[in-house]
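**Student:** Before anything else, here's the structure in question.
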Amino acid sequence: MLYDLNGAIITSMPDEASFRHYRSRITDEEYAAIQAELHLLFETTQTFSCSKVPHYKWEGTSLMPIYRACYHDWVEAHHFFGQLVWVIMQQHPKSWYCRNEVPGGDNPAHAVFFQRADHLKQSDTAKQRIASE
């Protein structure tokens with residue numbers, strides 16, 4: 001489940017049309033492999049930023065179809081990767097908070113996903129700490 005810093009569930013995704021387009025260019029098997037790899041990353045960290053998985057390390061991994069789906073354009077691939085993280089976080093069994101690195105921005109590739117709710121004290125102090133990280 002994905003929440004904003006005020007505790008509201010995030011059900012939408014920025015630029016959903018581009019997500020649907022690029023998602024249609026990867027197979028269900030590739031998508032499942034991407035999901036599995038991201039779930040492993042999410043389970044081993046309390047914070048996650050799309051920049052933690054730099055594109056130059058994608059070759060030979062389950063993330064490479066993202067690049068292919070985006071017509072071999074690294075900028076678009078980074079954006080689509082952020083969208084995939086966003087969607088998978090929304091479906092994740094644990095609760096996560098989200099803040100965009102660019103104030104007022106809506107590019108999921110610039111989002112930072114913070115500690116699962118089970119690692120946080122639900123208080124204004126915790127929200128302020130998360131917002132400042």
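**Student:** Fully extended, how many nm does the chain gain between residue 23 and residue 45 (0.36 nm per residue separation, minus their Cα-Cα distance)?
**Tutor:** 5.4 nm
**Student:** Now for a different question. Label residue 32 and residue 9 with points 7 Å out from Cα along Cα→Cβ: what is the distance between them in nm?
**Tutor:** A separation of 2.6 nm, rounded to one decimal place.
**Student:** Given H placed on each backbone N at 1.01 Å, which residues far from residue 112 in sequence or on other chains put an amide H within less than 5 Å of it?
**Tutor:** 99, 100, 101
**Student:** With every protein chain kept in place and ligands, DNA and RNA left out, what is the accessible area per residue of the stretch 1-76? Probe 1.4 Å, answer in Å².
**Tutor:** Value for the stretch 1-76: 59 Å² per residue.
The values are calculated or read from the model by the stated rules, or taken from the named source; none is laboratory data. Worth saying up front: this structure is predicted, and the values here are computed from it rather than measured. Counting neighbours? That spans all protein chains shown, and the Cβs are built from the backbone with ideal geometry, glycine included. Each accessible area value is taken on the protein alone, full model and side chains, heavy atoms only, with ligands, DNA and RNA left out. Shrake-Rupley method; radii C 1.70, N 1.55, O 1.52, S 1.80 Å.
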